Amino acid sequence: MKPYLLSAAVAVALAGGTWLSLRPDPKAQAQAAAPAEGAALVAITLPATLSAQADMGKRAFDAACLECHGENATGRAGFGPPLVHKIYEPSHHGDMAFFAAVQNGVRAHHWRFGDMPPQDGLTRSDVANLVTYVRELQRANGIN
């Protein structure tokens, strides 16, 4: 074999080996992009203050919804979607959708978290306050 062909073959092998060792691993990229289980799914801006009704709604939310929908309705990876999200804007999911979800549960349709069961122990007043809380969070984040 001629020396220049051997040199070219070695150069190609080295370049190929370098490329293979430095290329990004698609599996590692996908894992890095996915939030850890239980982590918040969105980052939000909190309102400077809450109305009295929203403050009561936050207490109801923290007692009944936080476990799945996360602190301040930011969602929880592996558990439930964020409610501070365009999908839940008033023109798509009106206030009555929240009442129906609490009373009847919800079949999974926008997200892959599974079905939401009905929530016991919340009065209509609790849910009204809870909706006020979520809407104030949404408005603080440009979701009207």
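Given (1) basic (Lys, Arg); (2) more than 24 Å from HIS110 (Cα to Cα); (3) under 9 Å from the mean Cα position of the chain (by Cα), identify the lone condition not met by ARG76.
Of (1) basic (Lys, Arg); (2) more than 24 Å from HIS110 (Cα to Cα); (3) under 9 Å from the mean Cα position of the chain (by Cα), only one is false for ARG76: (2).
Identify all residues within segment 36-70 that are under 23 Å from GLY114 (Cβ atoms) and either touching a Cys at 6+ places or on another chain (Cβ under 8 Å) or loosely packed, with under 13 Cβ neighbours inside 10 Å (or both); write none if there are none.
ALA36, GLU37, GLY38, GLU67 - these are the residues of segment 36-70 that are under 23 Å from GLY114 (Cβ atoms) and either touching a Cys at 6+ places or on another chain (Cβ under 8 Å) or loosely packed, with under 13 Cβ neighbours inside 10 Å (or both).
Out of the residues in segment 102-144 that are within 19 Å of LYS86 (Cβ to Cβ), small (Gly, Ala, Ser) and part of a loop (DSSP other than H, G, I, E, B), which is farthest from the chain's Cα centre (by Cα)?
GLY142
Each value in this text was obtained by applying a stated rule to the coordinates, not by laboratory testing. Not measured: the values here are computed from a predicted model. Because the Cβ atoms are built from the backbone with ideal geometry, glycine has one as well, and the counts that use them run over all protein chains shown.
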